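To start, the structure under review is shown below, and the notes come after it.
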Amino acid sequence: MNRRSLEYEAVLAAEYVLAEADIAPGARVPIFDLIEDRGIWLCFDAGLDRLLGIYQRIGEATGIAINAARPTPLQRFTAAHELGHHELGHTSHLDTETTISEPMHDPQEIQAQAFAASLLMSELAVEVRLEHRGHHPNRPELGAADVYLMSAELGVSYLAAVTQLRVLQKISSAQARAFAKESPLQLKQALLGGRRPDNPRASVMQFTLADNQREVVLDIDDEIDVALPEMAASGHEWTLATEPDSAFGVVSDRYRQSESGAEETLFGGSKTRHITLKARTPGRSRLDFLPLRPGETTESATPLSIHAVTCAPPVSELGHGISTNQHHQLLSPTTT
Ligand SMILES: [Zn+2]
């Protein structure tokens, strides 16, 4: 089979998994859950050194081990790669940076890489994300920050997103080379108005009024920057209404110069307030931003609501061992 046919088979296998699991197009794929749902043992190990992941099949037992010392997006991509070996009926594999990011000759590695990219960033998912951000799905005009934000929302690394956008022909090879030179940390800092995220490895997402009622999936320490326009003349001010046991903490709340100075004068001194929140604990939260004029009640205001789902880490605080869910299953008494 040539490379194209191998990749095509892998893309179909990924599409089958997405359809079977009924994952909404454009949503972050719950890769660890997909592995657990198949009864595959899922382990995390911080001592794998140069290995990123392992897929092992011994008789009836199947296991996947993930290098827990690497950043979460890379752990997710590795997990998707190992699931690819499983779904495509491959033999056991020990995977390094090379076999996962740029497989050259091994047909099974080429397939697992294509499977992982298509599972986490399917063509449909990428197009949905592009449209959400106001881009044309087939001819998007993207900057590095757009690519970064898409990678954060899909839960993949910036470089993985650059590669997949080139594979899907949403960007040219020249654009891909230029984007690959950008530092993800600097892109995050730029999105945060110059502030470094508290955890340099955490993802940064940005929302505006156009994102009302959006659902976002994130990990602990990830930061959400919400841009809220304020009109000085109208006297209204945004208020963040959060639950008392806040699962999110405000890490920054300040006004920023809008990028086009012309707009500011046109609307009589409008400015943009940026409230940045950091995910603290796992669970579901609704973040309501209410524009209030003095004396106004919350009922009459139109809020910006964001539905946030913060994922629990897949493994215990020790950072290694069997996945938390499987650990609980082992400890709970069987009911049959
Ligand atoms: Zn592999």
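The values are calculated or read from the model by the stated rules, or taken from the named source; none is laboratory data. No experiment lies behind these values; they were computed from the predicted model shown. Cβ atoms come from the backbone with ideal geometry, glycine included; neighbour counts cover every protein chain shown. When the accessible area is computed, the model is the full protein with side chains, heavy atoms only, and any ligands, DNA or RNA have been set aside. Shrake-Rupley method; radii C 1.70, N 1.55, O 1.52, S 1.80 Å.
Listed values, structure above:
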| read-out | value |
| --- | --- |
| Test: residue in the stretch 104-120 that is part of a helix (DSSP H, G or I) and more than 16 Å from the ligand (Cβ to nearest atom) | no |
| Strands (runs of 3 or more DSSP E) (entirely within the stretch 217-316) containing at least 2 residues that are at pLDDT 85 or above | 223-231, 248-256, 270-279, 283-292, 304-311 |
| Pair list, Cβ < 6 Å and 6+ apart or interchain, from the stretch 307-327 residues that are closer than 28 Å to ASP211 by Cα to residues that are open to solvent by 40 Å² or more (accessible area, probe 1.4 Å) | HIS307/GLU215; HIS307/ARG286; VAL309/ARG284; THR310/PRO282; ALA312/PRO282 |
| Residue pairs meeting the criteria (Cβ under 6 Å; at least 6 apart or on separate chains; first open to solvent by less than 40 Å² (accessible area, probe 1.4 Å), in the stretch 85-111; second among the charged types (D, E, K, R) and near the ligand (Cβ under 10 Å from one of its atoms)) | THR99/GLU109; PRO103/GLU109 |
| Every pair of residues 6+ apart whose Cβ atoms lie under 6 Å, when the first sits in the stretch 119-142 and is farther than 19 Å from ARG28 by Cα while the second is assigned to a loop (DSSP other than H, G, I, E, B) and not β-branched (Val, Ile, Thr) | PRO140/LYS170 |
| Within the stretch 157-209, tally of residues that are outside any loop (DSSP other than H, G, I, E, B), among the hydroxyl-bearing types (Ser, Thr, Tyr) and surrounded by 13 or more Cβ atoms within 10 Å (Cβ to Cβ) | 2 |
| Some residue of the stretch 24-32 being crowded, with 20+ Cβ neighbours inside 10 Å, within 29 Å of GLU131 (Cα to Cα) and touching an Asp or Glu at 6+ places or on another chain (Cβ under 9 Å) | yes |
| Residue match in the stretch 71-81 (condition: over 24 Å from ILE220 (Cβ atoms) and either modelled with pLDDT under 95 or of a type in the set (Lys, Arg) (or both)) | no |
| Residue match in the stretch 136-150 (condition: buried (at least 19 other Cβ atoms within 10 Å of the Cβ) and of a type in the set (Val, Ile, Thr)) | yes |
